[in-house]
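A short write-up of the structure that comes next.
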Amino acid sequence: MDLKVLIDKEKLARRIKEMGREITEYYKGKTETIHTVCVLKGAIHFFSDLVENIDLNVEYSFIHVSSYSGMESTGRIRVKSWIDEPIEGKHVLVVEDILDTGQTLSYILGYLKRYNPKDLKVATLLKKSSKKPLVGADFIGFDIEDKFVVGYGLDFDEKFRNIPYIGYME
């Protein structure tokens with residue numbers, strides 16, 4: 001399979017550092033601690049790099065949901081694991097890998113709102129610019145074309161997650 005580089009390692013690092021500053025600025029004066037929720041498995045690399053660049057106390061939670069099989073969204077959301085820490089009254093930041101249809105993210109946000117967080121925001125590494133997702137993101141790393149992307153946590157049938165850049169298949 002021939003992969004083309006869409007966003008290289010250096011460009012990812014620069015933008016994630018900027019996002020860390022943007023997120024820090026947003027929360028400064030509101031709170032000293034944010035509760036981050038990493039959406040597994042795709043956001044794991046982005047999450048790790050992003051939280052290192054946020055100049056606040058950062059609590060971690062992880063949820064594991066999926067809606068993809070191969071290159072297609074199944075339309076069904078499967079929850080494999082959920083947060084186990086209370087978020088009521090907390091400033092919560094959901095960290096997602098890619099915003100496409102927004103179906104999975106809409107489900108996650110709807111569910112988290114039931115726990116009454118003080119504030120609920122979303123950071124996504126990638127957003128497909130041609131799509132009109134069900135929900136938006138507050139912090140966006142890159143707007144990209146409608147390509148099937150892999151790498152830096154994103155996969156194709158569990159492959160390519162560990163490549164250090166965002167690539168796409170022709």
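The values are calculated or read from the model by the stated rules, or taken from the named source; none is laboratory data. None of these values were measured; they are calculated from a predicted model. Methodologically, a virtual Cβ is constructed for each residue, glycine included, from the backbone with ideal geometry; neighbour enumeration extends over all protein chains shown.
Of the residues that make up the stretch 75-86, is at least one closer than 28 Å to S130 by Cα and in contact with a Cys (Cβ under 8 Å, 6 or more places away or on another chain)?
The initial filter retains those residues of the stretch 75-86 that are closer than 28 Å to S130 by Cα, namely 75-79.
Cutting the leftovers down to in contact with a Cys (Cβ under 8 Å, 6 or more places away or on another chain) gives us none.
Looking through the stretch 75-86, none of the residues is closer than 28 Å to S130 by Cα and in contact with a Cys (Cβ under 8 Å, 6 or more places away or on another chain).
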### Message
Kindly evaluate D138 against the criterion of being touching a helix residue (DSSP H, G or I) at 6+ places or on another chain (Cβ under 9 Å) and of a type outside the set (G, A, S).
### Response
yes
### Message
It is to be established whether one or more residues within the stretch 116-134 are β-branched (V, I, T), under 24 Å from G167 (Cβ atoms) and surrounded by fewer than 18 Cβ atoms within 10 Å (Cβ to Cβ).
### Response
no
### Task
Might you let me know whether the stretch 110-119 holds any residue that is of a type outside the set (A, V, I, L, M, F, W, C) and at pLDDT below 90?
no
### Query
Across the stretch 110-144, what is the total count of residues that are closer than 19 Å to S48 by Cα and among the aliphatic types (A, V, I, L, M)?
6
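So which of D155, D143 ends up being farther than 27 Å from T33 by Cβ, surrounded by fewer than 20 Cβ atoms within 10 Å (Cβ to Cβ), modelled with pLDDT under 95 and not hydroxyl-bearing (S, T, Y)?
Numbers: D143 fails: modelled with pLDDT under 95.
One residue alone meets the criteria, D155.
Quick one: which strands (runs of 3 or more DSSP E) lie wholly within the stretch 81-170 and hold at least 2 residues that are within 11 Å of the chain's Cα centre (by Cα)?
Details: elements: 91-99, 119-128, 139-144, 166-169.
Strands (runs of 3 or more DSSP E) meeting the threshold: 91-99, 119-128, 139-144.
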### Summary
Checked the stretch 20-64 for anything exposed (fewer than 15 other Cβ atoms within 10 Å of the Cβ), in contact with a Gly (Cβ under 8 Å, 6 or more places away or on another chain) and not in a helix (DSSP H, G or I); matches are D55
